[in-house]
Amino acid sequence: MANVPLEIRKVIFDKYNNPDIRFTNDEIFEILQQNNSIDKSLVIDDMEKYFAELCDAGLMRNIAQNFTTQYFKLFDDLEKVKCNSCNTESPIGKSESRVCPACKASI
């Protein structure tokens, strides 16, 4: 099964990598579905915990909510960082802790 928070990070890096741009959980979810990056059985409500995890990690913040749609902004630009432990290249916020989203090792 896919590492859903890592897949969300990749979409944000590719499409919304600017602290001045806002984006929604719905937009990210739609892109993940189109790219077949997540299990087809997942629904938007299943994704809430992953978005909360990314907020808790200091990557982004929730700026508004309208029913189930959540609006987010990044704290900082993302940069791709390569993990020496698992050899994965992951998007990480510039002010975020240097921990690999794939294997949790220090970077």
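Readers should treat all values here as calculations from the given coordinates under stated rules, not as data from a laboratory. What you are looking at is a predicted structure, and each value in this text was computed from that prediction instead of being measured. Quick reminder, even Gly has a Cβ in these numbers, built from the backbone with ideal geometry, and neighbours come from all protein chains shown.
Sorting Y50, Y71 on the 10 Å Cβ count, fewest up front, what's the list?
In order of increasing Cβ crowding within 10 Å: Y71, Y50.
Before anything else, pin down the relative contact order of the stretch 29-77: Cα pairs under 8 Å, at least 6 apart, normalised by residue count, whole percent.
23
To the nearest 10 degrees, how steep is helix 25-34 against the longest Cα principal axis of the chain, on a 0 to 90 scale?
Once rounded, the angle reads 70 degrees.
Under 15 Å from a point 7 Å along the Cα-to-Cβ line of V43: which residues of the stretch 62-95 have their amide N that close?
Residues 68-69 fall inside that zone.
If packing is taken as the average number of other Cβ atoms within 10 Å across a peptide's residues, how do 84-91, 72-79 rank, most packed first?
Result, highest mean first: 72-79, 84-91.
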